[in-house]
Amino acid sequence: MGRLFGTDGVRGLANRDITAELALDLSVAAVRVLAEEGEFAGHRPTAVVGRDPRASGEFLAAATIAGLASAGVDVYDAGVLPTPAIAFLTAAAGADLGAMLSASHNPMPDNGIKFFSHGGHKLPDATEDAIEARLRSDWERPIGDQVGRVKPFPEGAERYVEHLLGAIPHRLDGLHIVLDTANGAASTIARKAFEQAGARVTLVGDTPNGLNINDGVGSTHLEHLQVLVPQIGADFGLAFDGDADRCLAVDSAGTEVDGDQIMAILALDLHERHALAGDTLVATVMSNEGLMQAMTSAGINVMRTDVGDRYVLAEMRRGGFSLGGEQSGHVILLEHGTTGDGVLTGLMLAARVASTGNSLAQLAACMTRLPQCLVNVPGVDKHAVDGHPVVQAAVADAERDLGGLGRVLLRKSGTEPVVRVMVEAASAERAQQIAQHLATIVASELALTPA
């Protein structure tokens, strides 16, 4: 059996893979491991717990809270709030632990649990491995007044909105923005934050009922914004995912503005305000080459990491950098938060539009995206891809063929027997042609032998 924790906590089909029993056991194990690491020395520990609106989140949050309290932790139940809100509140409240029940952009039947340590940071791999090793092992349970108490935390939402408003450098007066909150966690606070910042707001996907999260709405379904924004004459639209740690945009004509373009806009803004630490942006290997070119032209360095916000964050913390993220819209502004924050990203983007007087389309033109094609090749030995002579020779041939006007990237999936073939080229047709050719070679050369 593989590692239980993935790149973003534990995630799977709710009530099959992610059960109430597992949520309770994980919570108890997390407390035990953190206690052994000395995190609670000399005081009674506290935790902040939140969830997105999924129906399964109701019983999973209850089980998580029960596990924490049974292990002697006082719990602040924040209810439905974005993942970055729980990270922020864990730090702001001085809590020892945070827990978020969400499967982010996944379909409603899925759910997951992720933990934050003191300060609102995701747990390191070694701590997650220790938690997994403690599952369902014997332990001495606290009794009497040593058991944890559970308190509602309704003021958490207001504290988070105040934090967001305090971070933006310019008000949004005069802007008309469409917000798609994915029938998810942002539904509780996004409108309030943008309206208090001065914007006029039209909402999409703002009626969560426990069953409709990410269902045809949010950052994985921009089509609603692409039609509605030009139809009503709004300045632009913003779309969040289910737990609101991602943000994508569409301009006034309905054209998508992806995470790379958003990072470019924010990097230039911070650079001009002398607030871009090290004049460096941290992006992943999947970010478009056009982002690299735009940043180089502006005198901004770009550090590349493997795919995953945890790797971006690790590099940011290592180098003391202030901005990083992914093409998917997961953007980290480390001065204001410890994880990707879709609502904060949207507010910062809107503030840049307001402060410059330029349209979002004009700002997004700071970078030119090279056409990019991604082909997933399933059922292959992904571990053989890096050293396979035929595959690597084909990659080298493709790179020579591109002549410096594009690039080739083969990536192993973190969870499946899949190799992802990504090609950037001067035209979409050329990118697709090369990607399909390489995918055919990967499928032939690395095919898994039936058991």
Fill in: Matching residues, region 271-297, being open to solvent by 10 Å² or more (accessible area, probe 1.4 Å), hydrophobic (A, V, I, L, M, F, W, C) and touching a residue at least 60 places away in the same chain (Cβ under 8 Å)
A275, V285, M286, A294
Worksheet item: Could you say which residue among E39, E58 is acidic (D, E), part of a loop (DSSP other than H, G, I, E, B) and open to solvent by 30 Å² or more (accessible area, probe 1.4 Å)?
Response: E39
Practice prompt. Any chance you could count how many residues in region 162-196 are outside any helix (DSSP H, G or I) and either free of Cβ contacts under 8 Å to residues at least 60 places away in the same chain or charged (D, E, K, R) (or both)?
Written response: 4
Response to the item:
All-but-one check, T90 against (1) in contact with a helix residue (DSSP H, G or I) (Cβ under 9 Å, 6 or more places away or on another chain); (2) under 21 Å from A190 (Cβ atoms); (3) not in a loop (DSSP other than H, G, I, E, B), failing number (1)
Worksheet item: Can you tell me which residues in region 183-203 are open to solvent by 40 Å² or more (accessible area, probe 1.4 Å) and of a type in the set (A, V, I, L, M)?
Response: L203
Worksheet item: If you scan region 31-51, which residues turn out to be farther than 15 Å from P142 by Cα and small (G, A, S)?
Response: G38, A41, G42, A47, G50
Practice prompt. Identify all residues within region 315-328 that are over 14 Å from the mean Cα position of the chain (by Cα) and either within 24 Å of K412 (Cβ to Cβ) or of a type in the set (S, T, Y) (or both); write none if there are none.
Written response: E315, M316, R318, S322
Worksheet, complete the sentence: Expected single match for of a type outside the set (G, A, S), within 29 Å of S219 (Cβ to Cβ) and crowded, with 20+ Cβ neighbours inside 10 Å among V75, V80 is V80
Item to complete: Go through (1) open to solvent by 20 Å² or more (accessible area, probe 1.4 Å); (2) among the hydrophobic types (A, V, I, L, M, F, W, C); (3) under 30 Å from D251 (Cβ atoms) one by one and return the number of the condition L172 breaks.
Response: (1)
Item to complete: Only one of these is more than 16 Å from the chain's Cα centre (by Cα), within 14 Å of Q261 (Cβ to Cβ) and in contact (Cβ under 8 Å) with a residue 60 or more places away in the chain: V331, V377, V385, V353. Name it.
Response: V353
Worksheet, complete the sentence: Counting only residues in region 420-450 that are among the β-branched types (V, I, T) and in contact with a Gly (Cβ under 9 Å, 6 or more places away or on another chain), the one farthest from H383 (Cα to Cα) is identified as I434
Worksheet item: Residue check: is L26 buried (at least 24 other Cβ atoms within 10 Å of the Cβ) and modelled with pLDDT of 95 or more?
Response: yes
Worksheet, complete the sentence: By residue number, the members of region 388-419 that are in contact with a Gly (Cβ under 8 Å, 6 or more places away or on another chain), in contact (Cβ under 8 Å) with a residue 60 or more places away in the chain and not β-branched (V, I, T) are G414
Worksheet entry | A130 vs. criteria under 23 Å from A85 (Cα atoms) and either in contact with a Lys or Arg (Cβ under 8 Å, 6 or more places away or on another chain) or not basic (K, R) (or both) | no
Item to complete: Please specify each residue of region 427-451 satisfying the condition of being open to solvent by 80 Å² or more (accessible area, probe 1.4 Å), of a type outside the set (S, T, Y) and either on the phi > 0 side of the Ramachandran plot or assigned to a loop (DSSP other than H, G, I, E, B) (or both).
Response: L448, P450, A451
Worksheet item: Checking N15 against (1) modelled with pLDDT of 95 or more; (2) at negative phi, which single condition isn't satisfied?
Response: (2)
Item to complete: Filter region 309-321 down to the residues that are open to solvent by 10 Å² or more (accessible area, probe 1.4 Å) and either touching a residue at least 24 places away in the same chain (Cβ under 8 Å) or touching an Asp or Glu at 6+ places or on another chain (Cβ under 8 Å) (or both), then identify the one that is farthest from V423 (Cα to Cα).
Response: G320
Practice prompt. State all residues of region 112-134 that are touching a Gly at 6+ places or on another chain (Cβ under 6 Å) and not basic (K, R); if no residue qualifies, say none.
Written response: G112, I113, F116
Response to the item:
Of A384, A428, A439, A396, the only residue that is out of contact with any helix residue (DSSP H, G or I) (no Cβ under 9 Å at 6 or more places or on another chain) and farther than 22 Å from M292 by Cα is A439
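The values are calculated or read from the model by the stated rules, or taken from the named source; none is laboratory data. Everything numeric here is computed off the predicted structure, so don't read it as measured data. We place every Cβ from the backbone using ideal geometry, glycine too, and count neighbours over all the protein chains shown. Each accessible area value is taken on the protein alone, full model and side chains, heavy atoms only, with ligands, DNA and RNA left out. Shrake-Rupley method; radii C 1.70, N 1.55, O 1.52, S 1.80 Å.
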